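Worksheet for the structure shown next.
The values are calculated or read from the model by the stated rules, or taken from the named source; none is laboratory data. On a predicted model such as this, the values are computed, not experimentally measured, just so you know. Using ideal geometry, Cβ is built from the backbone for each residue, glycine included, and neighbour counts are taken over all protein chains shown. The area values use the complete protein model at the heavy-atom level, side chains included, leaving out ligands, DNA and RNA. Shrake-Rupley method; radii C 1.70, N 1.55, O 1.52, S 1.80 Å.
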Amino acid sequence: MKLIGAKILNTPLPGCKQHVFDTDAYWKCSARQISYTIYHLSGTCKIGLASDSTAVVDPRLRVHGVRGLRVVDASIMPEIPAAHTNAPTIMIAEKASDMIKEDWDVQTL
């Protein structure tokens, strides 16, 4: 980085101005302000009862108030997993497939 003249940007983040720049407290605050999941998004379509105003889908992944629509992806996960979301998302899709077949009374071999 020295070869290209890179320097640390010491403009405090708006949410961290109460901390001295480059202290542990500042970096902890900045991690809370600017962290993101790098495209492994989850947790945006909460599962819950229709009486829960923050719930989006029921336990069978059907969207509350929208007939014929389900959410079958990582967004139904209540928390962002520590590992990659690929395997759990496949499991969600497999379970959703089973539920859809049950709802349509489809006999499987």
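Odds and ends about this structure:
- Filter result for Ala96 (touching a residue at least 24 places away in the same chain (Cβ under 8 Å), farther than 30 Å from Gly15 by Cβ and not β-branched (Val, Ile, Thr)): yes
- The residue pairs whose first member lies in segment 50-79 and is over 24 Å from His40 (Cα atoms), whose second member is modelled with pLDDT under 95 and of a type in the set (D, E, K, R), and whose beta carbons are closer than 8 Å, counting only pairs six or more residues apart or on different chains, are Asp52/Lys46.
- Taken over segment 1-50, the criterion of being of a type in the set (Phe, Trp, Tyr) and closer than 23 Å to Ile80 by Cβ is satisfied by Trp27, Tyr36, Tyr39.
- Any hit, segment 30-37, residues being without any contact (Cβ under 8 Å) to a residue 40 or more places away in the chain, under 21 Å from the mean Cα position of the chain (by Cα) and surrounded by 14 or more Cβ atoms within 10 Å (Cβ to Cβ): yes
- Scanning segment 71-109 for residues that are hydroxyl-bearing (Ser, Thr, Tyr), open to solvent by less than 40 Å² (accessible area, probe 1.4 Å) and in a loop (DSSP other than H, G, I, E, B) yields a single hit, Thr85.
- Total residues in segment 14-35, condition at pLDDT below 95 and either in contact with a strand residue (DSSP E or B) (Cβ under 9 Å, 6 or more places away or on another chain) or aliphatic (A, V, I, L, M) (or both): 3
- For segment 38-59, the set of residues classified as outside any loop (DSSP other than H, G, I, E, B) and either loosely packed, with under 15 Cβ neighbours inside 10 Å or over 14 Å from the mean Cα position of the chain (by Cα) (or both) consists of Val57 only.
- Considering residues of segment 60-70 that are in a loop (DSSP other than H, G, I, E, B) and not small (Gly, Ala, Ser) only, the residue most open to solvent (accessible area, probe 1.4 Å): Arg67
- Boolean, Gly15 is in contact with a helix residue (DSSP H, G or I) (Cβ under 8 Å, 6 or more places away or on another chain) and of a type outside the set (D, E, K, R): yes
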